[in-house]
Amino acid sequence: MHFGADYYPEYWPRERWAVDARLMQEAGMDIVRIGEFAWRVFEPEEGIYRFDLFDDAIQLLGEHGIRVMLCTPTAAMPAWVEQKYPDVNVVDAAGRRRSWGARKNWCYNNPQMQELSRRITRAMAEHYAHHPNIIAWQTDNEFSYSGCMCDHCAAAFRRWLAAHYDSPEALNAAWGLRFWSMEIHSFGEMIPPRERAHSPSHMLDYRRFQSDQVLAFNREQVQIIKSCDPRARVTHNYMTTYTGIDYRRMAHDLDFVANDMYPRDITALERAAFGHDVIRGYNGGAGFWMNELQCGYINRENQLRTPPPGMIRLWTHQAIAHGADAILYFRWRSCTGGCEQFHSGIVQHDGSPVSRSYREIKGIGQEIERLRALGLTGSAIENEVAILRSFDMARAMEVYYGGRLFDYDAELQRYHRALLHHNIGMDVVHPEDDLSRYRVVLAPLLMLVTPAQVARLRTYVEQGGTLITSYRLGAYDWNAIVPTETLPGDALADLFGVRIHEYDSLMTEAPADPTPVVAWNGQTYATQVWADMLEPTGAEVLARYTNEWYAPYAAITQHQVGKGVAIYVGAALEDRFYEAFLPPLLGAAGVMPALETPPGVQVKVRRVHGEPLWFVLNCTTASQPITLPQPMHDVLLDRPVGRTFVLPPRDVVALRSA
Ligand code: GLA
Ligand code: ZN
């Protein structure tokens, strides 16, 4: 387990470094991340490299037992780049070129920028190869899809299309371009989707193309670092649930996945749990790093709320409980200048260890030491339930013209939240990952689905799996074209035993009227977002719509296929529906809660040397009574815990058998 902070030695006088290193050491820290915004320090003029500042900082940190994660510094470009290469900046759909300053304003497809990235990465990788105090690398910082539409992007897009489609005619057919005379004769006629009403297929592929370009940019940096030092371990810091980049594919180019998270407040701890599960999925299991975790107030969304006592500790252990093997807080010290001058560090502007964050984190440092001693690092998380989530689905929702209010993650979290409330652990995986180890697979909003994915889902159910999907199933092919088979398409109709001829979109700015109501198990539930009118062709009806023209269509169905079942939930419903509906299904599939706890208490299990370690997190502002099967031992504070005990607000314990 690593424990540390994001550190900017270049912002502070050298005389201060030793004080910082000593304070870090005293807080139990063993790592800092450095360098991601220091391009101007490393390369003050093109081709002139300076390493003395970071050499000295890395040396001094090492003398205090602090290891280093070094970043390539391409996240913020020096002024000389734009002076020399004025077309590096991102161009928006209206043709406006973004200005120099700030960060992340250059284009991934700009050949000059690609070359500058190669050069600075190679210079750093050669200089720091085999350095005994550098234990990991991070490429750039929080890569993001820029939406750039400059001429370099247009040219690269045409090459990308030529590589993905056999001919312009094949492209015309795949995207349905006869509509509004948008067919092309040559790839040279195709442009980035600058207009608002381009075809969804065009917009979807442009997003895929841009993601591919970011992946290629990252891959080059990784390859250069490894060519200089084959033992280098390289990561990139993801933005949790961000879907502008195909993070799953990016992970194939990295040694491990790292994440950045700013949970903001106590109400966001359910969303944070989802985010951690998403990241663990990209990492192929536990062992991801938190390269940036919030450690105080943040200057976003016009707020500077200071986390109350205990909050940082709760965020930290929540991340570890979900599979983090390293925690680095953003940032070591609040900086005095720049647009993040009111973004809290562990120590404040005055650099004093009297800050509450520093004192709390020092306490957490001791707990991390105990988790380390127990052997937590690298320990696994085993779940029996998976939720499917994919980049292509997320992007398809964005280009979908049938209501721009679709929110993919909000739908996934309807299911995730209900299971979280019952302390049932989940993995978030891709439709093409191995599903055979899960008793239950949740596949909400599986709108864009390929024939190969459908075949895999069918095999999963035939072999005994429980598969649950929701509305808009099969409504798009790979290119966001609407299929001509009756919904949800023949293969999916066979699997779920239903046909759909009618649906209602409830995504309106004003309240929708009428709105379908669903009756299930003696209760009625309001619907939102979307409602499919299900006509069973073999499935058993579990629930029907009760009002208006929606009655008596089926709303929820269940179809036995082979040894398993395929369940269709035709609408988005109120939270209390999922809370009631899912646990019995999971129980029937043999999935049991880790522990029964009061609402707002999250329980997560990591297996250390095969034995469960239960993290019990009180995510509420009230004390909560906890009842265990037997007395246990809290590893965090190294103390016995009785069979029943009271967990104070925002407190957490990590329990193993006494
Ligand atoms: C991101 C960035 C950091 C910093 C924080 C502020 O995560 O990676 O450099 O800007 O946001 O919240
Ligand atoms: Zn561009």
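Out of 470, 505, which single residue is among the small types (Gly, Ala, Ser) and at pLDDT 95 or above? When all the criteria are applied, what remains is 470.
Tally time: how many residues in region 511-530 are at negative phi and open to solvent by less than 60 Å² (accessible area, probe 1.4 Å)?
Let us first name the residues in region 511-530 that are at negative phi, namely 511-520, 523-528, 530.
Applying the additional criterion that residues be open to solvent by less than 60 Å² (accessible area, probe 1.4 Å) yields 512, 514-520, 525-527, 530.
The qualifying residues number 12.
Applying the criterion of at least 1 residues that are not hydrophobic (A, V, I, L, M, F, W, C) to the strands (runs of 3 or more DSSP E) found wholly in region 408-495 leaves 426-429, 466-470.
For region 327-371, a residue qualifies if it is more than 12 Å from ligand 1 (Cβ to nearest atom), among the charged types (D, E, K, R), surrounded by fewer than 16 Cβ atoms within 10 Å (Cβ to Cβ) and more than 16 Å from residue 309 (Cα to Cα), and the qualifying residues are 350, 369, 370.
In region 58-116, the residue that is surrounded by the fewest Cβ atoms within 10 Å (Cβ to Cβ) out of those that are among the β-branched types (Val, Ile, Thr) and away from ligand 1 (no atom under 16 Å from the Cβ) is 90. For region 150-196, a residue qualifies if it is within 16 Å of ligand 2 (Cβ to nearest atom) and open to solvent by 20 Å² or more (accessible area, probe 1.4 Å), and the qualifying residues are 151, 152, 155, 158, 159, 160, 191, 194. Apart from one condition, residue 29 fits all of (1) in contact with an Asp or Glu (Cβ under 9 Å, 6 or more places away or on another chain); (2) within 26 Å of residue 132 (Cβ to Cβ); (3) assigned to a loop (DSSP other than H, G, I, E, B); (4) not hydroxyl-bearing (Ser, Thr, Tyr); the exception is (1).
Among the residues of region 313-321, is any open to solvent by 20 Å² or more (accessible area, probe 1.4 Å), touching a helix residue (DSSP H, G or I) at 6+ places or on another chain (Cβ under 8 Å) and either more than 30 Å from residue 467 (Cα to Cα) or within 16 Å of ligand 2 (Cβ to nearest atom) (or both)? Scanning region 313-321 turns up at least one residue that is open to solvent by 20 Å² or more (accessible area, probe 1.4 Å), touching a helix residue (DSSP H, G or I) at 6+ places or on another chain (Cβ under 8 Å) and either more than 30 Å from residue 467 (Cα to Cα) or within 16 Å of ligand 2 (Cβ to nearest atom) (or both). Across region 162-189, the qualifying residues are those that are assigned to a helix (DSSP H, G or I) and polar (S, T, N, Q), and the one among them that is modelled with the lowest pLDDT is 181. Would you check which residues across region 117-149 are under 27 Å from the mean Cα position of the chain (by Cα) and surrounded by fewer than 21 Cβ atoms within 10 Å (Cβ to Cβ) and list them? Correct list: 134, 135, 142, 144, 145, 147. Of the residues 463, 453, 413, the single one that is open to solvent by less than 60 Å² (accessible area, probe 1.4 Å) and more than 21 Å from the chain's Cα centre (by Cα) is 453.
What are the pairs, 6+ residues apart or on separate chains, where a residue within region 233-244 that is over 12 Å from residue 291 (Cα atoms) has its Cβ under 6 Å from a residue that is hydroxyl-bearing (Ser, Thr, Tyr) and within 16 Å of ligand 2 (Cβ to nearest atom)? Sorted first by the residue in region 233-244, then by its partner, the pairs are 244/144; 244/145.
When restricted to residues that are within 20 Å of residue 269 (Cα to Cα) and surrounded by fewer than 21 Cβ atoms within 10 Å (Cβ to Cβ), region 615-635 contains 6. Within region 16-23, the presence of a residue that is open to solvent by 30 Å² or more (accessible area, probe 1.4 Å) and at pLDDT below 95 is excluded. Scanning region 31-49 for residues that are of a type in the set (Phe, Trp, Tyr) and more than 25 Å from residue 328 (Cβ to Cβ) turns up just one, 49. Taking region 581-592 as the range and being closer than 13 Å to residue 422 by Cα and either surrounded by fewer than 16 Cβ atoms within 10 Å (Cβ to Cβ) or modelled with pLDDT under 95 (or both) as the test, the residues that pass are 584, 587, 592.
Could you count how many residues in region 219-244 are away from ligand 1 (no atom under 14 Å from the Cβ) and assigned to a strand (DSSP E or B)? If you could, list the steps in order and put the result at the bottom.
Here is the first cut: in region 219-244, the ones away from ligand 1 (no atom under 14 Å from the Cβ) are 219-234, 243-244.
Those still in the list that are assigned to a strand (DSSP E or B) too: 234.
The number of residues fulfilling the criteria is 1.
Among the conditions (1) in contact with a Leu (Cβ under 8 Å, 6 or more places away or on another chain); (2) open to solvent by less than 10 Å² (accessible area, probe 1.4 Å), residue 296 misses just one, which is (1).
Scan region 263-274 and tell me whether some residue there is of a type in the set (A, V, I, L, M), more than 16 Å from ligand 1 (Cβ to nearest atom), open to solvent by less than 10 Å² (accessible area, probe 1.4 Å) and farther than 15 Å from residue 144 by Cα. The answer is yes; a qualifying residue exists.
The values are calculated or read from the model by the stated rules, or taken from the named source; none is laboratory data. Because the structure is a prediction, the values reported are computed rather than measured. Reconstructed Cβ throughout: ideal geometry from the backbone, glycine too, with neighbour counts over all protein chains shown. Just so you know, the surface numbers come from the protein's heavy atoms only, side chains and all, with ligands and any DNA or RNA stripped out. Shrake-Rupley method; radii C 1.70, N 1.55, O 1.52, S 1.80 Å.
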